[in-house]
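Comments concern the structure below.
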Protein chains: 2
Amino acid sequence: MDRIPILRMGQFLLVTIQVDLYDRLALDLEADLVKAVSKTGARGILIDISAVSIVDSFMGRIIGNIGVMSKLLDAETVVVGMQPAVAITLVELGLPLKGVYTALNVERGMDLLKSKIQFEDETIDQEDDNSDDLPE
Amino acid sequence: MDRIPILRMGQFLLVTIQVDLYDRLALDLEADLVKAVSKTGARGILIDISAVSIVDSFMGRIIGNIGVMSKLLDAETVVVGMQPAVAITLVELGLPLKGVYTALNVERGMDLLKSKIQFEDETIDQEDDNSDDLPE
């Protein structure tokens with residue numbers, strides 16, 4: 001396989017990781033995702049890792065990078081479907097996946113993304129309202 | 001990889017095929033999908049094959065089987081993201097994927113599924129209404 005497919009679903013992008021993320025594939029995914037966020041204006045990324053049973057520090061770092069990069073483009077990242085063994089390994093490796101949210105499954109992850117986006121939009125609205133009260 | 005993950009999204013199940021469907025994996029997917037439809041009461045299956053560049057008669061048959069089996073459990077199957085070369089190969093192999101619908105991408109596939117389900121539900125409602133008029 002050359003590339004991991006990125007599926008667009010409304011405001012979100014969905015990626016299912018089913019194979020070992022060796023170096024080239026992981027870096028391609030990172031670049032493809034950031035490009036896709038920029039191109040589609042997506043507000044959130046869902047990364048399903050339910051088929052991943054072994055995780056190493058490289059993969060942990062790549063997922064963290066995706067979270068930070070997409071945040072710079074105003075998209076949140078949610079990792080879903082993590083197997084218990086993977087959670088244990090990540091903590092033992094000292095990789096708590098900073099910058100990304102996690103959820104048990106895709107449905108909950110999507111709900112989380114929707115609430116995050118709604119909260120952000122409301123905050124921006126409120127800031128706009130407040131700015132009207134300020135003297136010019 | 002042992003199994004292809006099946007993601008539940010509301011009334012639908014989503015499967016992304018990223019690897020070659022060799023015999024065991026394909027039969028497992030077939031069984032897993034039918035079980036998942038039965039367990040979740042899903043009304044539709046979306047199979048994304050955008051990462052599939054080569055198709056053979058076995059894979060064509062498996063996809064056809066999934067369509068027919070899930071139809072028996074009242075779920076429609078939509079294959080999305082087919083590459084042009086795969087469409088050419090399928091026709092040349094004489095496998096027009098009977099029993100499944102196709103759509104260009106996940107979003108359109110989901111719209112198609114929603115319209116199919118709505119249409120079915122409306123038809124059932126109308127039949128119910130008509131049956132009220134019949135003498136008992």
| message | I'm checking a number: the convex hull volume of the Cα atoms of the protein assembly as shown, normalised per residue, in Å³. What is it? | response | 184 Å³
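Can you give the mean number of other chain Cβ atoms that lie within 10 Å of the Cβ atoms in peptide A:6-17? Before the final figure, lay out the partial values.
Numbers: counts 2, 11, 3, 7, 3, 0, 0, 0, 6, 1, 11, 3.
Across A:6-17, the average partner-chain Cβ count within 10 Å equals 4.
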| said: Apply the Karplus curve 6.51 cos²θ - 1.76 cosθ + 1.60, θ = phi - 60°, to the phi angles in segment B:42-52 and return the couplings in whole Hz, x for Gly and Pro. | reply: 5, 9, x, 10, 10, 10, 8, 10, 5, 8, 8
| query | Ordering A:V68, B:V86, B:V34 by how much accessible area each has at a 1.4 Å probe, largest first, what is the list? | reply | A:V68, B:V34, B:V86
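Working out 0.36 nm times the residue gap between A:D74 and A:D23, then minus their Cα-Cα distance, what length gain in nm do you get to one decimal? If you can, show how the numbers build up before the last one.
Working: separation 51, 0.36 × 51 = 18.36 nm, distance 2.60 nm.
That pair, A:D74 and A:D23, stretches by 15.8 nm at full extension.
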| note | Which residues qualify? For B:L13, with a placed amide H closer than 5 Å and at least 5 residues away or on another chain, they are B:G44, B:I45, B:L46
| task | Give me the compactness ratio for segment A:6-133, meaning the Cα radius of gyration over 2.2 N^0.38 Å. | result | 1.11
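Of the cross-linked pairs A:K35/A:K71; A:K39/B:K114; B:K71/B:K116; B:K39/B:K98; A:K71/A:K114; B:K71/B:K114, which ones have a Cα-Cα span greater than 19 Å in the structure shown? Display every interim value, and only then the final one.
Working: A:K35/A:K71 13 Å; A:K39/B:K114 26 Å; B:K71/B:K116 12 Å; B:K39/B:K98 25 Å; A:K71/A:K114 15 Å; B:K71/B:K114 15 Å.
Correct reply: A:K39/B:K114; B:K39/B:K98.
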| said: Less than 12 Å Cβ to Cβ from B:E107, Lys/Arg counted +1 and Asp/Glu -1: what total charge do the surrounding residues give? | reply: +1
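Ranked from the most accessible area to the least, with a 1.4 Å probe and all protein chains present, what is the order of B:I17, B:I124?
Numbers: B:I17 0, B:I124 85 Å².
If we order B:I17, B:I124 from most to least accessible, we get B:I124, B:I17.
If the only charges are +1 at each Lys and Arg Cβ and -1 at each Asp and Glu Cβ, what is the size of the charge dipole of chain A around the Cα centre, to the nearest 20 debye? Don't jump to the answer; show the numbers that get you there.
Numbers: 12 positive and 23 negative charges, 175 e Å.
It comes to approximately 840 debye.
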| Heavy-atom surface of chain B, accessible at 1.4 Å and reported per residue (Å²) | 55 Å²
| query | Among residues other than B:T16 whose Cβ falls under 10 Å from its Cβ, what is the net charge (Lys/Arg +1, Asp/Glu -1)? | reply | -2
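The values are calculated or read from the model by the stated rules, or taken from the named source; none is laboratory data. A quick note: this is a predicted structure, and the numbers were derived from the prediction, not measured. When we count neighbours, we look across all protein chains shown, and the Cβ atoms used for this are built from the backbone with ideal geometry, even at glycine. Quick note on the areas: whole protein, heavy atoms, side chains included, nothing else; ligands and nucleic acids left out. Shrake-Rupley method; radii C 1.70, N 1.55, O 1.52, S 1.80 Å.
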